[in-house]
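The values are calculated or read from the model by the stated rules, or taken from the named source; none is laboratory data. Since the structure is predicted, the reported quantities are computational estimates derived from the model, not experimental observations. Because the Cβ atoms are built from the backbone with ideal geometry, glycine has one as well, and the counts that use them run over all protein chains shown. Ligands, DNA and RNA are stripped out before the accessible areas are found, and what is left, the full protein with its side chains, is counted by its heavy atoms. Shrake-Rupley method; radii C 1.70, N 1.55, O 1.52, S 1.80 Å.
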Amino acid sequence: MRNRLCAASCAFKPGLTALAAVLALGACANMNEVQRGTATGAGIGAGVGAVLGAATGDGGGRRTATGAAIGGAAGAVIGNIWSARMEQQKRAMQQATQGTGVQVTQTADNRLKLDIPTDISFDTNRSDIKPNFRPVLDKFASTLVENPYSKITIIGHTDNTGSDAINDPLSVNRAARTRDYLAARGVASNRFTVEGRGSHEPLVPNDSNADRAKNRRVEIFVAEPQATAQAPQSSGTGATQGTGAGGGYLLPPR
(Lines give C-alpha, C1' and ligand atoms only; values in the text may rest on other atoms or scores of the structure.)
Protein backbone atom coordinates (compact mmCIF):
# COMPACT_ATOMS: atom_id res chain seq x y z
CA MET A 1 0.00 0.00 0.00
CA ARG A 2 2.89 2.37 0.79
CA ASN A 3 4.26 1.96 -2.71
CA ARG A 4 0.89 2.54 -4.33
CA LEU A 5 0.28 5.65 -2.29
CA CYS A 6 3.76 6.93 -3.10
CA ALA A 7 3.15 6.58 -6.85
CA ALA A 8 -0.37 7.94 -6.76
CA SER A 9 0.03 10.75 -4.24
CA CYS A 10 0.27 13.49 -6.86
CA ALA A 11 -3.14 12.61 -8.30
CA PHE A 12 -4.83 13.24 -4.97
CA LYS A 13 -4.13 16.98 -5.22
CA PRO A 14 -5.42 18.35 -8.51
CA GLY A 15 -3.61 21.65 -7.91
CA LEU A 16 -0.14 20.06 -7.99
CA THR A 17 2.05 21.03 -10.91
CA ALA A 18 3.85 18.50 -13.09
CA LEU A 19 7.10 19.40 -11.31
CA ALA A 20 5.61 18.66 -7.93
CA ALA A 21 4.38 15.33 -9.23
CA VAL A 22 7.88 14.40 -10.33
CA LEU A 23 9.30 15.39 -6.94
CA ALA A 24 6.71 13.29 -5.16
CA LEU A 25 7.53 10.26 -7.26
CA GLY A 26 11.21 10.85 -6.57
CA ALA A 27 10.53 9.94 -2.95
CA CYS A 28 10.10 6.38 -4.14
CA ALA A 29 13.66 6.14 -5.45
CA ASN A 30 14.71 3.71 -2.73
CA MET A 31 12.29 1.03 -3.91
CA ASN A 32 13.59 -2.19 -5.37
CA GLU A 33 12.78 -3.08 -9.00
CA VAL A 34 9.63 -5.06 -8.22
CA GLN A 35 8.25 -2.31 -5.98
CA ARG A 36 9.12 0.38 -8.52
CA GLY A 37 7.34 -1.52 -11.30
CA THR A 38 4.22 -1.79 -9.19
CA ALA A 39 4.40 1.89 -8.26
CA THR A 40 4.80 2.91 -11.88
CA GLY A 41 1.64 1.04 -12.85
CA ALA A 42 -0.18 2.51 -9.89
CA GLY A 43 0.93 6.02 -10.76
CA ILE A 44 -0.27 5.75 -14.34
CA GLY A 45 -3.58 4.32 -13.21
CA ALA A 46 -3.94 7.03 -10.57
CA GLY A 47 -3.38 9.77 -13.10
CA VAL A 48 -6.02 8.39 -15.43
CA GLY A 49 -8.40 7.85 -12.54
CA ALA A 50 -7.94 11.40 -11.29
CA VAL A 51 -8.69 12.88 -14.69
CA LEU A 52 -11.81 10.75 -15.06
CA GLY A 53 -12.94 11.56 -11.54
CA ALA A 54 -12.59 15.29 -12.06
CA ALA A 55 -14.39 15.19 -15.38
CA THR A 56 -17.46 13.21 -14.38
CA GLY A 57 -19.38 15.79 -12.39
CA ASP A 58 -19.41 17.63 -9.06
CA GLY A 59 -17.35 16.55 -6.13
CA GLY A 60 -14.11 18.46 -6.65
CA GLY A 61 -11.07 17.08 -4.89
CA ARG A 62 -12.94 14.23 -3.26
CA ARG A 63 -14.09 12.86 -6.60
CA THR A 64 -10.61 13.31 -8.04
CA ALA A 65 -9.05 11.49 -5.09
CA THR A 66 -11.52 8.62 -5.41
CA GLY A 67 -10.78 8.29 -9.10
CA ALA A 68 -7.06 8.32 -8.40
CA ALA A 69 -7.36 5.59 -5.77
CA ILE A 70 -9.38 3.35 -8.07
CA GLY A 71 -7.12 4.04 -11.02
CA GLY A 72 -4.03 3.41 -8.93
CA ALA A 73 -5.31 0.00 -7.84
CA ALA A 74 -6.11 -0.91 -11.43
CA GLY A 75 -2.71 0.28 -12.64
CA ALA A 76 -0.93 -1.88 -10.09
CA VAL A 77 -2.87 -4.91 -11.26
CA ILE A 78 -2.46 -4.50 -15.01
CA GLY A 79 1.20 -3.40 -15.11
CA ASN A 80 4.26 -5.57 -15.67
CA ILE A 81 6.56 -6.42 -12.79
CA TRP A 82 10.33 -6.82 -12.69
CA SER A 83 10.53 -9.91 -10.51
CA ALA A 84 13.53 -11.88 -9.29
CA ARG A 85 12.77 -14.30 -12.14
CA MET A 86 13.04 -11.48 -14.69
CA GLU A 87 16.29 -10.19 -13.19
CA GLN A 88 17.80 -13.68 -13.25
CA GLN A 89 16.72 -14.07 -16.87
CA LYS A 90 18.29 -10.75 -17.81
CA ARG A 91 21.63 -11.64 -16.22
CA ALA A 92 21.65 -15.07 -17.83
CA MET A 93 21.01 -13.60 -21.28
CA GLN A 94 23.65 -10.91 -20.82
CA GLN A 95 26.18 -13.64 -20.12
CA ALA A 96 24.97 -15.83 -22.97
CA THR A 97 25.09 -13.04 -25.54
CA GLN A 98 28.34 -11.37 -24.48
CA GLY A 99 30.33 -10.41 -27.56
CA THR A 100 27.57 -11.37 -30.02
CA GLY A 101 26.15 -7.90 -30.67
CA VAL A 102 22.83 -8.76 -29.02
CA GLN A 103 21.62 -6.01 -26.68
CA VAL A 104 19.85 -7.15 -23.50
CA THR A 105 18.03 -4.42 -21.57
CA GLN A 106 15.16 -3.69 -19.19
CA THR A 107 12.57 -1.36 -20.71
CA ALA A 108 10.79 1.47 -18.91
CA ASP A 109 7.62 -0.65 -18.68
CA ASN A 110 9.45 -3.58 -17.05
CA ARG A 111 9.98 -5.80 -20.05
CA LEU A 112 13.14 -7.69 -20.87
CA LYS A 113 14.26 -6.75 -24.38
CA LEU A 114 16.64 -8.62 -26.68
CA ASP A 115 17.64 -6.57 -29.70
CA ILE A 116 19.17 -8.99 -32.20
CA PRO A 117 20.97 -7.73 -35.33
CA THR A 118 20.17 -9.71 -38.44
CA ASP A 119 23.81 -10.16 -39.41
CA ILE A 120 24.15 -12.78 -36.68
CA SER A 121 20.66 -14.24 -36.96
CA PHE A 122 19.50 -14.29 -40.61
CA ASP A 123 21.08 -14.02 -44.03
CA THR A 124 19.91 -11.26 -46.37
CA ASN A 125 16.42 -11.94 -47.72
CA ARG A 126 16.21 -15.19 -45.74
CA SER A 127 14.27 -16.27 -42.67
CA ASP A 128 16.33 -19.36 -41.84
CA ILE A 129 18.06 -19.07 -38.47
CA LYS A 130 21.84 -18.98 -38.83
CA PRO A 131 23.89 -21.60 -36.93
CA ASN A 132 25.70 -19.01 -34.79
CA PHE A 133 22.35 -17.67 -33.56
CA ARG A 134 21.14 -21.03 -32.29
CA PRO A 135 23.20 -21.16 -29.05
CA VAL A 136 21.74 -17.77 -28.06
CA LEU A 137 18.21 -19.03 -28.64
CA ASP A 138 18.97 -22.30 -26.84
CA LYS A 139 19.97 -20.39 -23.70
CA PHE A 140 17.03 -18.03 -24.09
CA ALA A 141 14.61 -20.96 -24.33
CA SER A 142 15.94 -22.41 -21.09
CA THR A 143 15.36 -19.10 -19.25
CA LEU A 144 11.83 -18.92 -20.64
CA VAL A 145 11.06 -22.45 -19.47
CA GLU A 146 12.27 -21.47 -15.99
CA ASN A 147 9.85 -18.52 -15.95
CA PRO A 148 6.56 -19.94 -17.31
CA TYR A 149 4.57 -16.88 -16.16
CA SER A 150 6.08 -14.53 -18.73
CA LYS A 151 4.73 -13.64 -22.18
CA ILE A 152 6.91 -13.19 -25.25
CA THR A 153 6.46 -10.79 -28.17
CA ILE A 154 8.77 -11.23 -31.18
CA ILE A 155 8.95 -8.47 -33.79
CA GLY A 156 10.79 -8.68 -37.11
CA HIS A 157 12.18 -5.66 -38.97
CA THR A 158 13.86 -5.11 -42.34
CA ASP A 159 15.68 -2.26 -44.06
CA ASN A 160 14.04 -0.37 -46.93
CA THR A 161 15.69 -2.35 -49.71
CA GLY A 162 12.90 -3.83 -51.81
CA SER A 163 9.16 -3.25 -51.60
CA ASP A 164 6.69 -3.71 -48.77
CA ALA A 165 5.39 -6.75 -50.62
CA ILE A 166 8.75 -8.39 -49.90
CA ASN A 167 9.76 -6.81 -46.61
CA ASP A 168 6.50 -7.14 -44.68
CA PRO A 169 6.16 -10.94 -44.98
CA LEU A 170 9.94 -11.37 -44.55
CA SER A 171 9.83 -9.57 -41.21
CA VAL A 172 6.93 -11.74 -40.05
CA ASN A 173 8.65 -14.92 -41.21
CA ARG A 174 11.82 -14.09 -39.29
CA ALA A 175 9.83 -13.53 -36.11
CA ALA A 176 7.83 -16.72 -36.71
CA ARG A 177 10.97 -18.80 -37.26
CA THR A 178 12.37 -17.49 -34.00
CA ARG A 179 9.15 -18.42 -32.21
CA ASP A 180 9.12 -21.89 -33.76
CA TYR A 181 12.71 -22.50 -32.70
CA LEU A 182 11.94 -21.56 -29.09
CA ALA A 183 8.70 -23.55 -29.06
CA ALA A 184 10.59 -26.63 -30.26
CA ARG A 185 12.73 -26.31 -27.14
CA GLY A 186 9.89 -26.49 -24.67
CA VAL A 187 8.43 -22.97 -24.54
CA ALA A 188 4.63 -23.18 -24.71
CA SER A 189 3.34 -21.75 -27.98
CA ASN A 190 0.46 -19.91 -26.29
CA ARG A 191 2.97 -17.55 -24.68
CA PHE A 192 4.01 -15.95 -27.98
CA THR A 193 2.86 -12.99 -30.01
CA VAL A 194 4.55 -12.62 -33.42
CA GLU A 195 4.59 -9.37 -35.40
CA GLY A 196 6.35 -7.99 -38.47
CA ARG A 197 6.99 -4.31 -39.05
CA GLY A 198 8.79 -4.54 -42.39
CA SER A 199 10.84 -1.39 -43.00
CA HIS A 200 8.37 0.93 -41.27
CA GLU A 201 10.20 1.36 -37.94
CA PRO A 202 13.89 1.93 -38.68
CA LEU A 203 16.31 2.62 -35.85
CA VAL A 204 18.35 4.92 -38.08
CA PRO A 205 17.92 6.35 -41.59
CA ASN A 206 18.47 3.79 -44.35
CA ASP A 207 21.17 5.87 -46.02
CA SER A 208 24.20 3.56 -45.82
CA ASN A 209 24.99 -0.16 -45.77
CA ALA A 210 25.97 0.06 -42.12
CA ASP A 211 22.72 1.75 -41.12
CA ARG A 212 20.60 -0.61 -43.20
CA ALA A 213 22.27 -3.48 -41.33
CA LYS A 214 21.19 -1.91 -38.01
CA ASN A 215 17.59 -1.79 -39.20
CA ARG A 216 17.53 -5.47 -40.17
CA ARG A 217 16.82 -6.94 -36.77
CA VAL A 218 14.58 -9.03 -34.55
CA GLU A 219 13.34 -7.67 -31.22
CA ILE A 220 12.16 -9.99 -28.46
CA PHE A 221 10.22 -8.65 -25.48
CA VAL A 222 9.49 -10.67 -22.35
CA ALA A 223 6.86 -9.38 -19.91
CA GLU A 224 5.67 -10.76 -16.60
CA PRO A 225 2.20 -9.38 -15.86
CA GLN A 226 1.50 -7.93 -12.42
CA ALA A 227 -1.10 -10.65 -11.86
CA THR A 228 1.73 -13.18 -11.51
CA ALA A 229 3.61 -11.21 -8.85
CA GLN A 230 2.83 -13.77 -6.16
CA ALA A 231 3.38 -16.80 -8.39
CA PRO A 232 5.86 -19.32 -6.91
CA GLN A 233 9.32 -19.68 -8.37
CA SER A 234 9.46 -22.13 -11.24
CA SER A 235 10.97 -25.54 -10.59
CA GLY A 236 12.43 -25.51 -14.10
CA THR A 237 10.29 -28.39 -15.30
CA GLY A 238 8.69 -26.45 -18.12
CA ALA A 239 5.53 -24.59 -18.93
CA THR A 240 2.08 -25.95 -19.57
CA GLN A 241 1.72 -26.66 -23.27
CA GLY A 242 -1.00 -25.10 -25.38
CA THR A 243 -1.77 -23.33 -28.60
CA GLY A 244 -2.95 -19.88 -29.60
CA ALA A 245 -1.67 -16.34 -29.31
CA GLY A 246 -0.26 -14.94 -26.09
CA GLY A 247 -1.08 -11.56 -24.65
CA GLY A 248 0.48 -8.62 -26.51
CA TYR A 249 2.38 -5.75 -24.86
CA LEU A 250 3.09 -3.59 -27.89
CA LEU A 251 1.10 -1.41 -30.17
CA PRO A 252 -0.29 -3.33 -33.18
CA PRO A 253 1.81 -3.31 -36.37
CA ARG A 254 1.27 -0.55 -38.89
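In the full protein assembly as shown, how much of V136 is accessible to a 1.4 Å probe, in Å² to the nearest 10?
Using a 1.4 Å probe on the heavy atoms, I get roughly 10 Å².
Quick one: putting +1 on the C-beta of Lys and Arg, -1 on the C-beta of Asp and Glu, what dipole do you get for region 125-233 around its Cα centre, in Debye to the nearest 20?
Result for region 125-233 is approximately 340 debye, rounded to the nearest 20.
Given 0.36 nm per residue, what is the gain on full extension from N209 to Q88 after removing their alpha carbon distance, in nm?
40.0 nm
Going by the alpha-carbon gyration tensor, a ≥ b ≥ c the square roots of its eigenvalues, is region 81-120 rounded (a/c under 1.5) or, if a/c is not under 1.5, prolate (a/b greater than b/c) versus oblate?
Oblate is the answer for region 81-120, as a/c is 1.5 or above yet b/c matches or exceeds a/b.
Taking the alpha-carbon centroid of each part, what is the distance from region 80-130 to region 161-195 in angstrom?
Measuring centre to centre over Cα atoms gives 15 Å.
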